[in-house]
Every structure is written in structure tokens, then in C-alpha cells.
Amino acid sequence: MTADLEKGLNHLCHGYKTFFTHAIPYFGAMLEAIKQGHPASVYPMFVKYN
């Protein structure tokens, strides 16, 4: 069930949420590297740790 109690929630939703919650900062770092003219592979230089 969805948060609105609708049927049809995919069994993979929890996994996707977990993955993207973890990966978003790294995707953002890759984007920042590319914006600054670097290859995405140098993303560790742009990761912002809390």
C-alpha cells in the first residue's frame, strides 16, 4: 500500500528509496565535476560529507 493507502506499491520501492538516498550526494558530486569541466570519475573531489 502507498502512503495514501492505494494498492499497487511495487515491492522494489523500498530498495529504490534506500539506493537513491545513499547515491544522491555522489550523483550531485559527479554533476558538479562535469559542470566544472572535469570527468565524472573525479567526483570524490566534489563529495560533500556531513
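The values are calculated or read from the model by the stated rules, or taken from the named source; none is laboratory data. What you are looking at is a predicted structure, and each value in this text was computed from that prediction instead of being measured. When we count neighbours, we look across all protein chains shown, and the Cβ atoms used for this are built from the backbone with ideal geometry, even at glycine. In case anyone asks, the SASA skips ligands and DNA or RNA and just uses the protein heavy atoms, side chains included. Shrake-Rupley method; radii C 1.70, N 1.55, O 1.52, S 1.80 Å.
Observations
- Only DSSP H runs of four or more residues enter the estimate; each adds -39500 (n - 2.57), and after division by the residues of the chain the mean residue ellipticity at 222 nm equals -16000 deg cm²/dmol.
- Surface composition of the chain: carbon and sulfur make up 63 percent of the accessible area, probe 1.4 Å.
- Crossing angle, helix 13-35 versus the chain [Cα axis fit, 0-90 degrees, rounded to tens]: 20
- 10 Å-binned pair-distance histogram of the chain (Cα, whole percent): 24, 32, 21, 18, 5
- Here's the thing: no lysines lie within a cross-link span of LYS7, going by alpha-carbon distance under 16 Å and ignoring same-chain residues fewer than 8 apart.
- Counting only protein heavy atoms and a 1.4 Å probe, the chain has 90 square angstrom of accessible area per residue.
- Per-peptide average of other Cβ atoms within 10 Å, ordering 23-35, 2-14 highest first: 23-35, 2-14
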